[in-house]
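The values are calculated or read from the model by the stated rules, or taken from the named source; none is laboratory data. Since the structure is predicted, the reported quantities are computational estimates derived from the model, not experimental observations. All Cβ positions, glycine included, derive from the backbone under ideal geometry; neighbour counts span all protein chains shown. Just so you know, the surface numbers come from the protein's heavy atoms only, side chains and all, with ligands and any DNA or RNA stripped out. Shrake-Rupley method; radii C 1.70, N 1.55, O 1.52, S 1.80 Å.
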Amino acid sequence: MGKLSITGRAEREVNCDGVTLSIKFYIHGKTTTEALRNIKKQSEKFLRLITAQGISLRDIHIEDVSVDQRFDDGETTVRASREMSIRLAFDMKIINYLTELIREQNFSVDFNCDYHIINVKQLRKELQTKSRIYC
């Protein structure tokens, strides 16, 4: 008895069910101390407000903290930044809440949404199973 094996490619369209939100706070100051104090105050206020709305600290990750001094025309300016990411199941209400919060609180931030699929391993396994036909 012979064996016939056919391999191929399987596709399936799925909706993104996860999102990673990147929020990077920027503060300018005259001294490093001032810039760091203000960046901490602003980002901690943000964290306090979002955790009060039910976003877990386990879903929030600090990505980067930096301080940059510049000397222009004899003056020193300092820029501090703190970046965090929030990884959640996709929910447009949460994204809208965060953008509205940033606007209301007048936070100086860069904000980015990166959509993805949470259960990639399960989908790959399902597609691999469907892409092989054995006789």
Residue 69 versus residue 49, label points 7 Å from Cα toward the beta carbon: distance in nm?
-> 3.2
Pop a pseudo-label 7 angstrom from the Cα along the beta-carbon direction at both residue 13 and residue 79 and give the gap in nm to one decimal.
-> 4.1
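If DNA, RNA and ligands are ignored and the probe is 1.4 Å, what is the ranking of 39, 60, 117 by accessible area, most exposed first? Walk me through the intermediate numbers first.
Working: 39 5, 60 25, 117 50 Å².
The ordering from most to least exposed comes out as 117, 60, 39.
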Return the label of the correct value of Rg and Dmax of the Cα atoms in Å, as calculated from the structure shown, out of (1) 22.8, 87; (2) 16.5, 62; (3) 15.9, 45.
-> (1)
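Keeping every protein chain in place, order 97, 26 by accessible area at 1.4 Å, biggest value first, i.e. largest first. Working shown, then result.
On the way: 97 70, 26 45 Å².
Solvent-accessible surface, decreasing: 97, 26.
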Residue 104 versus residue 26, label points 7 Å from Cα toward the beta carbon: distance in nm?
-> 2.5
Excluding ligands and nucleic acids, what accessible area in Å² is computed for residue 17 using a 1.4 Å probe, to the nearest 10?
-> 60
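Mind checking the full-extension length gain between residue 113 and residue 95? Use 0.36 nm per residue of separation minus the Cα-Cα distance, one decimal, nm. Don't jump to the answer; show the numbers that get you there.
Details: separation 18, 0.36 × 18 = 6.48 nm, distance 0.85 nm.
Additional length available on full extension: 5.6 nm.
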Can you give the accessible area per residue of the chain, in Å², using a 1.4 Å probe?
-> 72
